[in-house]
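The structure appears right after this line, and notes come after that.
The values are calculated or read from the model by the stated rules, or taken from the named source; none is laboratory data. These figures come from a predicted structure and were not determined experimentally. Don't worry about glycine lacking a Cβ; one is built from the backbone with ideal geometry, like all the others, and counts go over all protein chains shown. Please note that ligands, DNA and RNA were not included when accessible areas were found on the heavy atoms of the full protein model with its side chains. Shrake-Rupley method; radii C 1.70, N 1.55, O 1.52, S 1.80 Å.
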Amino acid sequence: MIRAVVFDCDGVLVDSEPISNRVLAVLLTEAGMPISPEGAVEAFMGRSWKNVLAWADERGGLPEGFRRRYLDAMFAAFEAELRPVPGIAAALDAIALPNCVASSASLEKMRFTLGHTGLWQRFEGRIFSATEVEHGKPAPDLFLHAAASMGWDPAGCAVVEDAPAGVEAGRRAGMTVFGYAGRTPAEQLGGAHRVFGDMAELPGLLQPS
């Protein structure tokens, strides 16, 4: 029986992945490491900044000040374009289970994205970042850290994820994984226990059968 829900942030609560990866692709290309927005999604979606650093280090490394320029450009794009994932507010209203957020994003990024979309107050005090653990997704560390911090048994937790790395992390944490195929092709989320394509389905999926 599911007793608590752990939500990913980017792509599950806020529709940020296309925006952030487009900005990142432009800046990496300008820095002499060409990559398309689609390539950035494939390489970095659902993963922490450490993965971007490792990718760039194999190609000569990021120039000084790159991360700050990226954050500034990303936040400017979010200001103009970012919206909540369709249907997420109504889904959250209908889910009575205890919940939290566990994301590869930094707290700075989540404070902006969740704040901009009106979701921060729903989760304030229950938001966990990959910056708090040694290994980001697909390792289970972040989800286990979130569960331990909340006092939850991982076996009683559901994870809502939209990225293959997050699905793997949830499985490795021993949690029940729901793969949200809003933008991610369903076949890429095949490791999830259940794949769904509309947030209106989620409250029902979390109920005991």
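General observations
- Size of charge dipole - the chain - debye, nearest 20, with Cβ of Lys, Arg +1 and Asp, Glu -1, no other charges: 260
- Share of Cα-Cα pairs in segment 67-209 lying beyond 23 Å, as whole percent: 36
- Candidates Ala147, Leu71, Ala158 compared by Cα position along the dipole of the chain: farthest toward the positive end lies Ala147, with charges placed on Cβ.
- Accessible carbon and sulfur surface of segment 90-154 relative to its total accessible area, %, 1.4 Å: 51
- Relative contact order for the chain, counting Cα pairs under 8 Å that sit 6 or more residues apart, in percent: 26
- In order through segment 190-200: 3J(HN,Hα) via Karplus (6.51 cos²θ - 1.76 cosθ + 1.60), integer Hz, x for Gly, Pro: x, x, 6, 5, 8, 10, 9, x, 9, 4, 5
- Under a 5 Å amide H cut-off, with hydrogens placed 1.01 Å from N, Asn99 pairs with Val5 among residues at least 5 apart or on other chains.
- Temperature 10 °C, viscosity 1.306 mPa s: under these conditions the Stokes-Einstein estimate for segment 156-209, based on its Kirkwood radius over C-alpha pairs, is 146 µm² per second.
- Residue-normalised accessible area of segment 1-63, expressed per residue, 1.4 Å probe, Å²: 44
- Whole-Hz Karplus values for segment 19-25 come out as 6, 5, 6, 5, 5, 4, 4 Hz, taken residue by residue from phi with 6.51 cos²θ - 1.76 cosθ + 1.60 and θ = phi - 60°; glycine and proline positions read x.
- ³J(HN,Hα), Karplus 6.51/-1.76/1.60, whole Hz, each residue of segment 70-87, x for Gly, Pro: 4, 4, 4, 5, 5, 5, 5, 5, 4, 4, 8, 10, 5, 9, x, 4, x, x
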